[in-house]
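Step one of this worksheet: look at the structure below.
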Amino acid sequence: MDINQLMSKVKQLLQHTVFQVLLFVILALVSYGVMFSNVKPEKVDVQLLQVANETLRAPKTVEDVEKTKQEKQDAVKQVDDVYTTKKEYGENRVDLISSIFDAAAEVKKESEKKNVSSVLTKEEKEELSNNNLTLLKKKLADDVNKDLTDDVYKALLNASDRELQNAKDTTITAINTVMREKIAATEVENAKKSVEDEIKYISMPTDLKKASLSLARYAITQNYFFDLKKTEEQRQAALESVEPVKILQGQILVEKGQLVDREVYRNLKLTGLLNNEHSVLPFLGLGILVVLVFGCMFYFYHKMEIKNEQRHNQILIFSLVFIIAIAILKTVSLFSNESVDLRFFIPAAMGTMILKILLDNRYSLVFTIILSIFGAIIFNENTTTNFNFSICIYILLSGIASLLLLSTKNFRSKLFQAGFLLSLVNVLIIFAVVLIMDLQVANLEYVFHILAAFVSGISSSILAIGLLPLFEGSFGILSTMKLIELSNPNHPLLRKILIEAPGTYHHSVMVANLAEAASEAIGANGLLARVGCYYHDIGKTKRPQLFIENQMNIENPHDKLQPAASRDIIIAHVVDGSKILKKYKMPQEIIDIAEQHHGTTLLKFFYYKEKELNDDVKEEDYRYPGPKPQTKESAVVSVADSVEAAVRSMKSPTREKIEMLVKSIIHDRLNDDQFSECDITIKELDIVEKTLCETLNGIFHSRIEYPDVKNEKKQVK
């Protein structure tokens, strides 16, 4: 069984959904298997209190919870207790002492009113004093009475109004002075001594001074208190200000030859380097990534609005190119190490080039994105994480650059030149990555990277050139490269036309020019139309002299033939052409153009000639067998073929005549329902009409008639 038969069977299997799912499962399993070793945690062989055999770096960023906790505790310890001064305490104590002096003054006034004129005996005075003392105590709170002695009250009651007022002012002033300061619990006694110092040097009666001192000492109290709420706020702020202690990704944990002490051993354990053989998270993450990627691909594959057969063909090509590309990446990665970095040598754009030529931009872009993601995992050996972002950017940008290069007409058929230009782009990409990452690169390494960029670009094009024929042959794809190969004048069939039917060859070249210009104007494949035109009349080589373009200075044989015989000969060139093309195993697209370029049109000349002889003739008998044009390229070729032949037979063609002729041919084809089976639109036919007219006017432009110089000279003589 050859590869064509194998692919044919696979495409038949893909008609069933279960095999479609199976294909994507296989792709996912292959991808997972290739990247499995790249996400497997590295096993580190280190022992406590022994010398490290290699330099170890942290594979990921982790928080050192223990150190973070210790730093937070230290931060809290450094926060001092917060104390608050209660200013209202001083005001309250001043008001209290002031009220005592005022109460004493009131009692004195009331007593004086009752005994204004009476002269009191000693016993009466003592009784009055006791009454006043009792009255004063009633005016004051019990707590105050408990803390103050009767001698204090008596001194206040026995003092004159002036003395009492002076004592009040002095005492309150002293209390205010002392209570304005911060008085902690341990400083209360010192504050009381301070208030005594404020009063004891003031001149006043001895008893009254003692009372004032007692009242002042009584007034002094603690006004500076521990503030639990503010202290907690300060401690919380201190906690929040502590940044988590982290072991950063890529941080050196231990250098080669360094002793693995307990702290180093703890950090190795913390980063998972000592117990990572049991970690399943990287494998789980890889599985999720692979399922996500190919799940999206499966959705993309099912949503494409193209025929099933073509869709199956495309996904098979994509799958094979993907497997080849990822296998190359894995192989190169196995030979790449710290001493020899081969990551930039990979043919990053090979798959993109192949898919761009064989399929379309969508597949190429999707392929590039997937390969860049998987490449970042495959080439993670010399990095501290499971992703190598530099190679990801390199593959992505290199693929996009190749896609843009091959989108231009100049490089579609010049893969090697495109590969050389891609090499220059690769150099810029590598330099950009190196400079952005601020890597310390020696001059020799720059030369190595430049060499890698050129090898990558040129190898991508060489591999694409080598693999394209394999895919084209296996899947029957008519690529740009194949079309250019078929357009070579040295192709056996083209040489056959040129030698056996030179008029037909010239006609085909003229039609090719017209069809290519018109096809490109409406967005169709101009190269396919051109090459199709080269071979569309290959059937005329069987009886070349029976077609007018090959009748040079001979009588037209059809003048002596019956219309039916002429009809059979003319129609036969389509069938004969199809047979010849199939014999030479030409692409189906070229065969289709040869079979469809006349559609089911009517041979009007021979039909009406026969009708003059036989009224019972049927129109269907004088129509080409078809089929009608199925593609835009076939439709354009059919119009261009008729237009070129008609204009060539026109005497003295002018711009107006050409435009009228082209318009009438297109309208005739429309009225004959020749475009009903292809997707060409009326608007596109208008564009085709204008393009054909412009091209024909350039070919059949009016020439200047130069005078006959010899005749003029004779006339002069």
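The values are calculated or read from the model by the stated rules, or taken from the named source; none is laboratory data. Since the structure is predicted, the reported quantities are computational estimates derived from the model, not experimental observations. FYI the Cβ positions are ideal-geometry reconstructions off the backbone, even for glycines, and counts take in every protein chain you see. These accessible areas exclude ligands, DNA and RNA; they are computed on the full protein's heavy atoms, side chains included. Shrake-Rupley method; radii C 1.70, N 1.55, O 1.52, S 1.80 Å.
Summary of values
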{"item": "Helix axis angle, 563-583 relative to the chain longest principal axis, alpha carbon, degrees", "result": "50 degrees"}
{"item": "For segment 385-496, fraction of C-alpha pairs farther apart than 20 Å, in %", "result": "53 percent"}
{"item": "Heavy-atom accessible surface of segment 325-396: percent carbon and sulfur, 1.4 Å", "result": "65 percent"}
{"item": "Of Lys40/Lys269; Lys482/Lys690; Lys356/Lys579; Lys11/Lys632; Lys618/Lys663, pairs whose Cα-Cα distance is over 20 Å", "result": "Lys482/Lys690; Lys356/Lys579; Lys11/Lys632; Lys618/Lys663"}
{"item": "Average accessible surface area per residue within the chain, 1.4 Å rolling probe, Å²", "result": "55 Å²"}
{"item": "Residue-level accessible surface for Leu424, protein heavy atoms, 1.4 Å, Å²", "result": "80 Å²"}
{"item": "Cα-based equivalent ellipsoid, segment 62-208: semi-axes from gyration tensor eigenvalues, Å", "result": "51, 16, 12"}
{"item": "Carbon and sulfur %, accessible surface of segment 191-323 computed with the full protein complex present, 1.4 Å", "result": "54 percent"}
{"item": "Kirkwood hydrodynamic radius (C-alpha pairs) into Stokes-Einstein, segment 162-259, 37 °C and 0.692 mPa s, D in µm²/s", "result": "184 µm²/s"}
{"item": "Over the chain, relative contact order from alpha-carbon pairs under 8 Å, at least 6 apart, %", "result": "12 percent"}
{"item": "Crossing angle, helix 206-219 versus the chain [Cα axis fit, 0-90 degrees, rounded to tens]", "result": "20 degrees"}
{"item": "Electrostatic dipole magnitude of segment 457-558 [Cβ: Lys, Arg +1; Asp, Glu -1; Cα centre; debye, to 20]", "result": "220 debye"}
{"item": "Arg669, Arg567, ranked by accessible area, largest first (probe 1.4 Å)", "result": "Arg567, Arg669"}
{"item": "Debye, to nearest 20: dipole size of the chain, +1 on Lys, Arg Cβ, -1 on Asp, Glu Cβ", "result": "1780 debye"}
{"item": "Nearest-10 value in Å² for the accessible area of Ile458, using the 1.4 Å probe", "result": "40 Å²"}
{"item": "Structure-derived semi-axes √(5λ) of the Cα gyration tensor in Å - corresponding label in (1) 111, 37, 24; (2) 56, 33, 22; (3) 48, 37, 25", "result": "(1)"}
{"item": "Segment 533-610, dipole about Cα centre (Lys/Arg Cβ +1, Asp/Glu Cβ -1), debye to the nearest 20", "result": "220 debye"}
{"item": "Segment 533-577 shape via C-alpha gyration tensor axes, a/c threshold 1.5", "result": "oblate"}
{"item": "Additional length obtainable on full extension of the chain from Ala565 to Lys193, 0.36 nm per residue less Cα span", "result": "119.4 nm"}
{"item": "Carbon + sulfur, % of accessible area of segment 649-691 - ligands and nucleic acids excluded, 1.4 Å", "result": "52 percent"}
{"item": "Part-to-part distance (alpha-carbon centres) for segment 121-143 and segment 603-641, which is given in Å", "result": "146 Å"}
{"item": "Extreme residue, positive dipole direction of the chain, given options Phe475, Thr61, Asn553 (C-beta unit charges)", "result": "Asn553"}
{"item": "Calculated FRET efficiency for the pair Asn488/Asp672, C-beta based, R₀ 22 Å, to 0.05", "result": "0.05"}
{"item": "Rel. contact order, % - alpha carbon contacts under 8 angstrom, at least six apart, segment 423-542", "result": "20 percent"}
{"item": "Dipole of the chain, positive end: most advanced residue of Gln258, Ser111, Gly285 [Cβ charges, Cα centre]", "result": "Gly285"}
{"item": "Residue among Gln47, Thr177, Phe389 farthest towards the positive dipole end of the chain, charges placed on Cβ", "result": "Phe389"}
{"item": "Cα shape, segment 235-375, gyration tensor, a/c 1.5 rule", "result": "prolate"}
{"item": "24 Å Cα-Cα reach of Lys125 towards lysines, excluding residues that sit fewer than 8 places from it in its own chain", "result": "Lys108, Lys109, Lys113, Lys114, Lys137, Lys138, Lys139, Lys154, Lys209, Lys210"}
{"item": "With Cα atoms, 0 to 90° folded angle of helix 281-303 axis to the chain main axis", "result": "40 degrees"}
{"item": "For segment 644-699, radius of gyration divided by Kirkwood radius, i.e. Rg to Rh on alpha-carbons", "result": "1.00"}
{"item": "Cα-based reach from Lys77 at 25 Å (exclusive), listing lysines while leaving out same-chain residues under 8 positions away", "result": "Lys67, Lys69, Lys182, Lys229, Lys230, Lys246"}
{"item": "Heavy-atom SASA rank of Tyr608, Tyr535 (probe 1.4 Å, accessible area, largest first)", "result": "Tyr608, Tyr535"}
